[in-house]
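Chemist: Submitted below is the structure of interest, expressed as structure tokens.
The values are calculated or read from the model by the stated rules, or taken from the named source; none is laboratory data. Fair warning: this is a prediction, and the values are worked out from it, not measured in the lab. Counting neighbours? That spans all protein chains shown, and the Cβs are built from the backbone with ideal geometry, glycine included.
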Amino acid sequence: MTIAGWDCHAHLFGPYARYPLAAERSYTPPEAVDVRYATLLQRLGLAHGVLVHASAYGKDHTLLLDTLALRPDWRGVVVVQPGDALPLVGLHARGVRGARFSHRSGAANFAGSASFEDLLALAPQLADAGLHAELWTDCQVLPDIAAELKALPVPVVIDHMGGFDVAAGVDAPGFRTLLELLATGKIWVKLCAYRNLLQSPDWQVGRVFQQTMVAANPERLVWGSDWPHLRVTPEPDAARLLALFEDWAGNEAVVQQVLHANPETLYR
């Protein structure tokens with residue numbers, strides 16, 4: 001592991017006396033403040049974090065932007081929709097590198113989230129602002145939007161390993177689509193497997209999915225802890241999640257590529 005490594009997916013909440021949640025929200029998480037996250041990074045042996053704006057804050061990015069101003073080694077991902085007051089131009093200089101959107105099978109968007117249609121509308125503005133797109137999606141819907149993703153003028157980072165289906169396996173059409181997108185070099189994937197494994201008694205079934213992604217394109221993979229693991233009980237240990245990634249990586253070269261070289265390219 002390298003001390004210069006990156007955790008590319010985390011959320012902050014609070015302190016609520018200063019950063020209250022949105023009145024209209026679909027969940028109320030416990031506080032997860034920046035000092036706790038900094039301590040976690042140190043325990044993991046990582047130097048950099050990427051903070052993803054949480055839908056529970058609605059359109060208020062104050063916590064995210066304040067934190068980035070205080071912690072220049074961290075980066076941020078906003079959530080925007082057409083017509084929002086938050087200007088995209090200028091965010092790059094404040095540490096923001098992307099905007100997150102959601103398009104998942106059988107799931108309505110959370111209040112405060114942005115849709116795939118919002119991504120299509122905002123993509124030219126994201127490109128002008130020097131930002132990429134992050135997409136919370138799953139393999140079930142990827143075949144329907146693959147052509148549009150490849151045509152976008154910005155890189156796309158797919159969260160949570162594309163929500164792969166353990167039961168369907170690596171030969172499922174949706175997962176093969178994810179591999180094809182990854183191979184283009186334009187699509188990135190966050191190696192954050194555990195949410196796809198919660199119903200599996202043995203998380204080692206995730207190994208083949210990660211290794212197949214590495215074989216498809218190791219230069220377009222980053223790792224994320226997903227701290228503080230919203231609505232997952234019991235809360236997983238991020239150190240265990242990192243250890244799983246490193247074990248499944250197979251060799252130190254892949255570990256260094258994913259934890260250091262790739263995020264330096266994407267988030268610097």
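Chemist: Just one of (1) of a type outside the set (Lys, Arg); (2) at pLDDT below 95; (3) assigned to a strand (DSSP E or B) trips up THR233, so point out which.
Modeler: Here THR233 meets the rest and fails (3).
Chemist: Of VAL232, VAL189, which residue is more than 23 Å from GLN257 (Cβ to Cβ) and not small (Gly, Ala, Ser)?
Modeler: Exactly one of VAL232, VAL189 is more than 23 Å from GLN257 (Cβ to Cβ) and not small (Gly, Ala, Ser), namely VAL232.
Chemist: Then there is this: Restricting the search to region 22-39, which residues are closer than 16 Å to THR67 by Cα and either surrounded by 19 or more Cβ atoms within 10 Å (Cβ to Cβ) or not β-branched (Val, Ile, Thr) (or both)?
Modeler: The answer is GLU31, ALA32, ASP34, ARG36, TYR37, ALA38.
Chemist: Scan region 159-175 residue by residue and report those that are on the phi < 0 side of the Ramachandran plot and either part of a loop (DSSP other than H, G, I, E, B) or surrounded by 16 or more Cβ atoms within 10 Å (Cβ to Cβ) (or both).
Modeler: Listed by number, the residues that qualify are ASP159, PHE164, ASP165, VAL166, ALA167, ALA168, VAL170, ASP171, ALA172, GLY174, PHE175.
Chemist: Can I ask one more? For region 40-54, give me each residue that is small (Gly, Ala, Ser) and crowded, with 23+ Cβ neighbours inside 10 Å.
Modeler: GLY49, ALA54
Chemist: Among PRO72, PRO82, which is the only one that is surrounded by fewer than 18 Cβ atoms within 10 Å (Cβ to Cβ), farther than 25 Å from THR28 by Cβ and either touching an Asp or Glu at 6+ places or on another chain (Cβ under 7 Å) or in contact (Cβ under 8 Å) with a residue 60 or more places away in the chain (or both)?
Modeler: Just a single option satisfies the conditions, and that option is PRO82.
Chemist: Consider VAL77 against the criteria (1) more than 19 Å from the chain's Cα centre (by Cα); (2) crowded, with 20+ Cβ neighbours inside 10 Å: it satisfies all of them except one. Which criterion is unmet?
Modeler: (1)
Chemist: A further question on this structure: Could you check region 11-21 and list, in sequence order, the residues that are small (Gly, Ala, Ser) and either surrounded by 12 or more Cβ atoms within 10 Å (Cβ to Cβ) or under 21 Å from THR233 (Cα atoms) (or both)?
Modeler: Listed by number, the list holds a single entry, GLY14.
Chemist: Still on this structure, please answer the following. So, in region 92-107, of the ones that are under 17 Å from GLY49 (Cα atoms) and within 20 Å of the chain's Cα centre (by Cα), which residue ends up surrounded by the most Cβ atoms within 10 Å (Cβ to Cβ)?
Modeler: It comes out as ALA99.
Chemist: For region 236-256, which residues satisfy the criterion of being buried (at least 18 other Cβ atoms within 10 Å of the Cβ) and out of contact with any strand residue (DSSP E or B) (no Cβ under 6 Å at 6 or more places or on another chain)?
Modeler: Passing the criteria: PRO236, LEU241, LEU242, LEU244, TRP248, ALA249, VAL254, VAL255.
Chemist: Here's a check for you: in region 211-260, which residue that is small (Gly, Ala, Ser) and without any contact (Cβ under 8 Å) to a residue 12 or more places away in the chain is farthest from HIS132 (Cα to Cα)?
Modeler: Per the stated criteria, the residue is ALA243.
Chemist: Something else about it: Would you check if LEU142 is in contact with a helix residue (DSSP H, G or I) (Cβ under 9 Å, 6 or more places away or on another chain) and closer than 16 Å to THR212 by Cβ?
Modeler: Yes; evaluated as a whole, the condition is true for this residue.
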